[in-house]
Amino acid sequence: MKILVMRPSPEGEKLVNILNNIGILSWHFSLFNFSPSSSTISLSKKKYELYTSDVMIIFSKKSVHYTNLYLNKNNLHWPLNPDYYAIGKGTAIFLEKYIKKKFYFQMMKKIVKLY
């Protein structure tokens, strides 16, 4: 069996190393990478949408990490108004560090409220 890992760096390389160490031939090729934005225009225009949204869907721990960096750098906080939905339990647990309100994530084909 050969596996192509398309997870972004550095997690993708870590997974490839683990797989190769247990004898599963693996390669890493990421279609995208995450990094902090160098543009103040793109995020500042989105700030209004962030604070006026009804629903936030969080797709990855990296998106939480970089959003939190931006908010901290600009003395802002995660908005409390929207309902938050996290894709995956790991993302939900990571998001819980920053958002002190109930939010939802899907677990085994069922929506779970996290308080």
Next item on the list: Residues being surrounded by fewer than 18 Cβ atoms within 10 Å (Cβ to Cβ), within 22 Å of G12 (Cα to Cα) and touching a helix residue (DSSP H, G or I) at 6+ places or on another chain (Cβ under 8 Å): count how many of those fall in the stretch 66-92.
Entry: 1
Notebook entry, point to check: Checking S9 against (1) in a loop (DSSP other than H, G, I, E, B); (2) closer than 22 Å to K100 by Cβ; (3) at pLDDT below 85, which test does it fail?
Noted result: (2)
Next item on the list: Please go through the stretch 18-35 and pick out each residue that is modelled with pLDDT of 90 or more and either in contact with a His (Cβ under 9 Å, 6 or more places away or on another chain) or among the hydroxyl-bearing types (S, T, Y) (or both).
Entry: S26
Checklist line | Pair list, Cβ < 6 Å and 6+ apart or interchain, from the stretch 45-62 residues that are among the acidic types (D, E) to residues that are assigned to a loop (DSSP other than H, G, I, E, B) | finding: D54/P82
Checklist line | All positions within the stretch 85-114 that are in contact with a Leu (Cβ under 7 Å, 6 or more places away or on another chain) and either small (G, A, S) or modelled with pLDDT of 85 or more (or both) | finding: A86, A92, E96
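The values are calculated or read from the model by the stated rules, or taken from the named source; none is laboratory data. Not measured: the values here are computed from a predicted model. So basically every Cβ, Gly included, is an ideal-geometry build from the backbone, and we count neighbours across all protein chains shown.
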